[in-house]
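*Asks:* Take a look at the following structure, please.
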Amino acid sequence: MSTKNDPAALEALRKARQARMQAGLARRYRSDALFRWAGFGAVGFSVLILVLLLVSMASSGWAGFHRSEIRMSVPIRGHMQVDPARLAQPDPLGGLEVAGLPALVNSAAITAFGPGGDALIADGAWREVGQQLVDDPSLLMANEIKVSVPASDDLANAQRGGGDAALRQRAARLASDGKLVHAFDTGFLVRADATNPQSVGIWGALKGSMMTMFITLVLAFPVGVLSALYLEEYAARNRWTDLIEISINNLAAVPSIIFGLLGLAVFLAAFPNYRSAPLIGGMTLALMTMPVIVISGRNAIKAVPPSIRDAALAMGASPVQVVFHHVLPLALPGILTGTIIGMARALGETAPLLMIGMRAFVASPPSDFTSPATVLPVQIFLWSDEIDRGFIERTSAAIVVLLIFLLVMNGVAIYLRSRFEKRW
């Protein structure tokens, strides 16, 4: 008997098909839920790693923003003859050094802490006392001033629990008397590099990074954007254009140290007196950043709808006006995104800058784009190579400063991107 004439068989067949459909839908729903939870898990894992990184850097870097300081009094009036007008002239610390301030500070330490007291303070402690006098010349008329100067490396290590037992006991007594404190180092952000971890600062490297990034942006951004505009809007489609495109794509994947070798062979050969200068560093990093800007710029220009070009041409705009009045403003957010990626990569680079000599010890911030300088990644590399535990803590603090600098730079770029973004 045929199933066509059997209602029970037809009903069974219908239920079987319905069951298969429901099973298929259930599998699809399970796959959809699994994919959704997998995506949620990936995002959650990424956020967790980011939080762990930030918490680890913040907890490690917090100690780097502190230092061991000795609190004592330094007699001034009647012990040192300095004309207050001398402090307004160039190199006021040099005048104070000639007037005997280093010996006066060491003598005050011996008076306060007994024989060997001058060994409890850092070698350059007198400079911080001198800076107080420069900032407030009226202190020259005071009988004595209360100062907080950096402790010596040995005493700072003893306060952290290292060194010999006798020095640890002395550090404990000084700390209980309130004369040895672990204080927040406000000068860490305004001083330059030094040989003593108690006296180092990050401003020299931070200023060098800002000057180097400025040169990189000034050179790479306009050249990269104009190159992207030419290749996408004007260049003829032939083998030479294809060769240029392949070369740009390959340059974006070249290891950064190759650009350092190029900067060493070309830029330093042309400007041998500007070794380790922000100008040379910026030119080297501009070579590395430019291909990224060109590639992202071309993609952003290509994403502009053709109807925008057609409408502008129909309204009588010239081809140049179409590009610069319509296409470029609409593509600018995407171009800025590529610039953010390129500049962030350049900010963290160390290898190409080491090749051009930006690993030198620079005790003062650069005064211009041709002065010797270092940058934050190189400064972090140099400090991390030191044995002293104080430098290790300073390294973590420098990493925090680098992350904040990166966030600020990206924040400005994201603001500009959203400011120029247009929707259609």
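The values are calculated or read from the model by the stated rules, or taken from the named source; none is laboratory data. Worth saying up front: this structure is predicted, and the values here are computed from it rather than measured. So basically every Cβ, Gly included, is an ideal-geometry build from the backbone, and we count neighbours across all protein chains shown. These accessible areas exclude ligands, DNA and RNA; they are computed on the full protein's heavy atoms, side chains included. Shrake-Rupley method; radii C 1.70, N 1.55, O 1.52, S 1.80 Å.
*Asks:* If THR186 satisfies all but one of (1) touching a residue at least 40 places away in the same chain (Cβ under 8 Å); (2) open to solvent by 60 Å² or more (accessible area, probe 1.4 Å), what's the number of the condition it fails?
*Replies:* For THR186, the exception is condition (1).
*Asks:* If you go through the stretch 47-58 one residue at a time, do you hit one that is in contact (Cβ under 8 Å) with a residue 24 or more places away in the chain, open to solvent by less than 80 Å² (accessible area, probe 1.4 Å), within 30 Å of ILE121 (Cα to Cα) and assigned to a loop (DSSP other than H, G, I, E, B)?
*Replies:* So far as the stretch 47-58 goes, no, none of its residues is in contact (Cβ under 8 Å) with a residue 24 or more places away in the chain, open to solvent by less than 80 Å² (accessible area, probe 1.4 Å), within 30 Å of ILE121 (Cα to Cα) and assigned to a loop (DSSP other than H, G, I, E, B).
*Asks:* I've got another one for you. How about the stretch 370-392: which of its residues are open to solvent by 70 Å² or more (accessible area, probe 1.4 Å) and part of a loop (DSSP other than H, G, I, E, B)?
*Replies:* Across the stretch 370-392, the qualifying residues are PRO372, ASP385, GLU386, ILE387.
*Asks:* Out of everything in the stretch 201-237 that is among the charged types (D, E, K, R) and either under 25 Å from PRO377 (Cβ atoms) or in a helix (DSSP H, G or I) (or both), what residue ends up being least open to solvent (accessible area, probe 1.4 Å)?
*Replies:* Looking at the filtered set, the residue picked out is GLU232.
*Asks:* What number of residues within the stretch 113-145 are surrounded by fewer than 14 Cβ atoms within 10 Å (Cβ to Cβ), part of a loop (DSSP other than H, G, I, E, B) and of a type outside the set (S, T, N, Q)?
*Replies:* Looking only at that region, the number is 4.
*Asks:* Moving on. On the basis of being surrounded by 19 or more Cβ atoms within 10 Å (Cβ to Cβ), of a type outside the set (Asp, Glu), more than 19 Å from the chain's Cα centre (by Cα) and in a helix (DSSP H, G or I), does ILE399 make the cut?
*Replies:* So ILE399 fails the test.
*Asks:* Would the stretch 72-95 turn up any residue that is in contact with a helix residue (DSSP H, G or I) (Cβ under 7 Å, 6 or more places away or on another chain), modelled with pLDDT of 85 or more and part of a helix (DSSP H, G or I)?
*Replies:* no
*Asks:* Restricting the first residue to the stretch 74-99 and requiring it to be surrounded by 17 or more Cβ atoms within 10 Å (Cβ to Cβ), which pairs with a second residue that is of a type in the set (Ser, Thr, Tyr) and at pLDDT 80 or above meet a Cβ separation below 9 Å and a spacing of at least six or different chains?
*Replies:* VAL74/SER107
*Asks:* Moving on to the next point. Output the number of the condition that SER367 fails; it satisfies all remaining conditions of (1) of a type outside the set (A, V, I, L, M); (2) part of a helix (DSSP H, G or I); (3) open to solvent by 60 Å² or more (accessible area, probe 1.4 Å); (4) within 30 Å of PRO272 (Cα to Cα).
*Replies:* Here SER367 clears every test but (2).
*Asks:* Separate question: Have a look at ARG191, ARG168 and point out the one that is open to solvent by 50 Å² or more (accessible area, probe 1.4 Å) and either over 20 Å from PRO291 (Cβ atoms) or at pLDDT below 90 (or both).
*Replies:* On the way: ARG191 fails: open to solvent by 50 Å² or more (accessible area, probe 1.4 Å).
Result: ARG168 is the single residue among ARG191, ARG168 that is open to solvent by 50 Å² or more (accessible area, probe 1.4 Å) and either over 20 Å from PRO291 (Cβ atoms) or at pLDDT below 90 (or both).
*Asks:* Within the stretch 19-53, which residues are farther than 30 Å from VAL400 by Cβ, of a type in the set (Gly, Ala, Ser) and modelled with pLDDT of 90 or more?
*Replies:* ALA38, GLY39
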